1. Out of segment 28-57, which residues are small (Gly, Ala, Ser) and either open to solvent by less than 20 Å² (accessible area, probe 1.4 Å) or on the phi > 0 side of the Ramachandran plot (or both)?
2. Looking at (1) farther than 27 Å from residue 4 by Cα; (2) part of a loop (DSSP other than H, G, I, E, B), which is the only condition residue 71 fails?
3. What about residue 99, is it within 24 Å of residue 51 (Cβ to Cβ), surrounded by fewer than 16 Cβ atoms within 10 Å (Cβ to Cβ) and among the charged types (D, E, K, R)?
4. Looking at segment 120-133, which of its residues are under 17 Å from residue 167 (Cα atoms), open to solvent by less than 60 Å² (accessible area, probe 1.4 Å) and either out of contact with any Pro (no Cβ under 9 Å at 6 or more places or on another chain) or part of a helix (DSSP H, G or I) (or both)?
5. Please verify whether segment 84-95 includes one or more residues that are open to solvent by 50 Å² or more (accessible area, probe 1.4 Å) and outside any loop (DSSP other than H, G, I, E, B).
6. Exactly one condition in (1) under 18 Å from residue 123 (Cα atoms); (2) part of a helix (DSSP H, G or I) is not met by residue 59; state its number.
7. Checking residue 100 against (1) in contact with a strand residue (DSSP E or B) (Cβ under 7 Å, 6 or more places away or on another chain); (2) assigned to a helix (DSSP H, G or I); (3) modelled with pLDDT under 95, which single condition isn't satisfied?
8. Return only the number of the condition from (1) assigned to a helix (DSSP H, G or I); (2) in contact with a helix residue (DSSP H, G or I) (Cβ under 7 Å, 6 or more places away or on another chain) that residue 117 does not satisfy.
Amino acid sequence: MSFGKLLQPDLFLDGSVLKITPDLLHQYQLQALVFDVDETLVPAGVSEASEELHQWAEELKAHFSIWLVSNNVSQSRIGYIARALDLPYIAGALKPSRRKLRQAVKSMGFPENRVGMVGDRLLTDVLAGNRLGMFTILVDPIVDPTVAARKHPIRNMEVLFSQLFGVTLRS
């Protein structure tokens, strides 16, 4: 598989993770989900999940098995978010390594191609998910609205880099 194909998400949602609905996931025949945490579910550095995120997670948990898999090494912070959402988690995953991601998928008991990897980064979340044969979903990063409007230099660099390999990001 070419590098460009490894960076190509199966689905790009123009907006936050909150646009993911049970109907959308059923459309793609998904049975389980793995979510990145930082800037996918909560802004970087934030330890509190919003009420809207809590309600959204409850709706998804009623239909799907869900894990959190984060590259963040802070067991206390990622664990706090996971416990607040009542979800199993792995911190310090080192994505795009597949090892910890494989561990989460195996624990859910579904084939990799029926598990969605949801994240905001091409070179970590999408690359790791595609390397494992998962259905990959790229979402826009969630940032703290109280912080001055921030550019996404890493995300922007990833998008430009991936376009050199033929990746398209269209909803």
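1. 32, 45, 49, 57, listed by residue number.
2. The failed condition is (1).
3. Values: within 24 Å of residue 51 (Cβ to Cβ): no; surrounded by fewer than 16 Cβ atoms within 10 Å (Cβ to Cβ): yes; among the charged types (D, E, K, R): yes.
Criteria not met by residue 99.
4. Selection gives 122, 123, 124, 125, 126, 127, 128, 129, 130.
5. yes
6. Just one mismatch for residue 59, condition (1).
7. (3)
8. With (1) assigned to a helix (DSSP H, G or I); (2) in contact with a helix residue (DSSP H, G or I) (Cβ under 7 Å, 6 or more places away or on another chain) applied to residue 117, the lone miss is (1).
The values are calculated or read from the model by the stated rules, or taken from the named source; none is laboratory data. These numbers were taken from a predicted model, which means no experiment stands behind them. Ideal geometry is used to build each Cβ from the backbone, glycine not excepted, and the neighbour counts take in all protein chains shown. Note: accessible area is taken over every heavy atom of the protein model, side chains too, but ligands, DNA and RNA are not part of it. Shrake-Rupley method; radii C 1.70, N 1.55, O 1.52, S 1.80 Å.
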